[in-house]
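Every number here is computed from the coordinates shown, using simple stated rules; none is lab data. Just so you know, these numbers come straight off a predicted model, no measurement behind them. A quick note on method: Cβ atoms are made from the backbone with ideal geometry, for glycine too, and the neighbour counts reach across all protein chains shown.
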Amino acid sequence: MNSFPVIDVRDVYKSFKSVDAVKGIDMHVDRGQFVAVLGPNGAGKTTLVEMIEGIRKPDKGEIQIMGKKWKGNEDELHQIIGLSLQETKFIDKLNVRETLRLFAGFFGLGGERVEEIIQIVGLEDKIKSWVVNLSGGQRQKLALGIALLNKPKILLLDEPTTGLDPAARQEVWTILRKLRDKSETSLILTTHYMEEAERLCDFIIIIDKGKILKQGTLEQLLNGDGSKRKVLEFTLDNPGSSTEKLLNDSRFRIKWEGENEKGIVEFASWEEDIPVFMSFLKKSELRLKNLEFRKKTLDDLFISLTGRHLND
């Protein structure tokens, strides 16, 4: 076992003119760990990954890859990293196999590895198709295949499923789950899809406005107060000014979304809390229109931290 993290980010800052994109982030990734960096658009996710992959230099702080700094170790570190950016540019009039052979040549790899990758990403039926004719999902699978060509020890994926339809997104997830189960590759995945973070990663870092708000396993994040939290969403027949009673009641942590005229409240126990809540609504002369019981999600956590949804 290595005595150091595969990726070690220490007190890193990065600004662009008047924008502070990353503000004092500390994080590390261990061998074989899949880490999601989860946050809304503009949170600083892409800037953070670009510094980790050596494209940008931090204004302050230090980043080490496999215990080494980028300066003076560029060639060595590039050989162990696979990356896929939000949008990968291809040569339109090359087919899938030719494209993979082109990138394989950069690593001195032959046709055997190209054929392996075609199988791994499920593009067997598209090997002779020009890249320009591929769907968005197929292009993203090709980009992922390129990132995997050199059997990287570290894989950096920047919002790999943004813009894909649900079926294509599931196909990319399947490839990544197989990689997680069959290799010791470490992954940093940036995303603003909470389901993507939940499905693929064993450690989640939530960031917003360049800072880490919370980090931990999914269980630690959702049950950080030591109790199993459950959520009730509800709408009212007669919200009006009476909703002030909900917001002013200290027994329940009610969040009221005025635009949707929807209330959200967390419970520790259905059995104990719901009767009390229903009694409170009745005394306040508030009538339920709809209600939905569900488990707490990362979006609920993000709302509690920022007052906004992840996708806002």
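Using the Cβ-Cβ distance between residue 285 and residue 311 with R0 set to 30 Å, the FRET efficiency works out to roughly 0.30. Remark on residue 208: its backbone amide H falls under 5 Å from those of 213, a criterion applied only to residues 5 or more positions apart or on other chains, H modelled at 1.01 Å from N.
For the chain, the antiparallel share of DSSP beta bridges with both residues in that region comes to about 70%. Here the simple spin-label model places points 7 Å from the Cα toward Cβ, and for residue 107 and residue 235 these points are separated by 5.1 nm. Centroid-to-centroid, using Cα positions, the stretch 186-201 and the stretch 94-120 are 27 Å apart. Pairs exceeding 24 Å between alpha-carbon atoms, taken from 23/71; 23/89; 153/182; 69/178; 209/262; 214/296: 23/89; 69/178; 209/262.
Multiplying the sequence separation of residue 68 and residue 167 by 0.36 nm and subtracting their Cα-Cα distance, what value in nm do you get?
Fully extending the segment from residue 68 to residue 167 adds 31.7 nm.
For the stretch 140-227, the set of GluC sites (Glu not before Pro) satisfying both a DSSP loop assignment and a count of at most 11 other C-beta atoms within 10 Å is given as 184.
Roughly speaking, what is the stretch gain from residue 76 to residue 209, that is 0.36 nm per residue apart minus the C-alpha to C-alpha distance, in nm to one decimal? Mind showing how you got there, number by number?
On the way: separation 133, 0.36 × 133 = 47.88 nm, distance 3.25 nm.
Gain on extension, residue 76 to residue 209, equals 44.6 nm.
For the options 65, 80, 188, a Gaussian network treatment of the chain with springs between C-alpha atoms closer than 10 Å singles out 80 as fluctuating the most. The GluC sites (Glu not before Pro) of the stretch 72-111 that DSSP puts in a loop, and whose beta carbon has at most 13 other beta carbons within 10 Å, are 87. For the stretch 24-121, the set of trypsin sites (Lys or Arg not before Pro) satisfying both a DSSP loop assignment and a count of at most 11 other C-beta atoms within 10 Å is given as 71, 89, 93.
Suppose a student asked you for the relative contact order of the chain, using Cα pairs under 8 Å spaced at least 6 residues apart; what percent would you report? Each step should come with its number before you reach the end.
Numbers: 540 pairs, mean separation 63.5, N = 312.
Relative contact order for the chain comes out at 20 percent.
For the chain, the 222 nm mean residue ellipticity estimated from helices alone, with every DSSP H stretch of n ≥ 4 adding -39500 (n - 2.57) and the total spread over all residues, rounds to -9500 deg cm²/dmol. Label zone of residue 217 (point 7 Å out along Cα→Cβ, amide N under 20 Å): in the stretch 163-179 this covers 177-178.
Residues of the stretch 101-142 with an amide N closer than 18 Å to a point placed 7 Å from the Cα of residue 92 along the Cα-to-Cβ direction: 129-140. Which one, 104, 147, 197, has the greatest fluctuation when you compute a Gaussian network model over the chain with C-alpha springs under 10 angstrom? Comparing 104, 147, 197 in a Gaussian network model of the chain, the most mobile one is 104.
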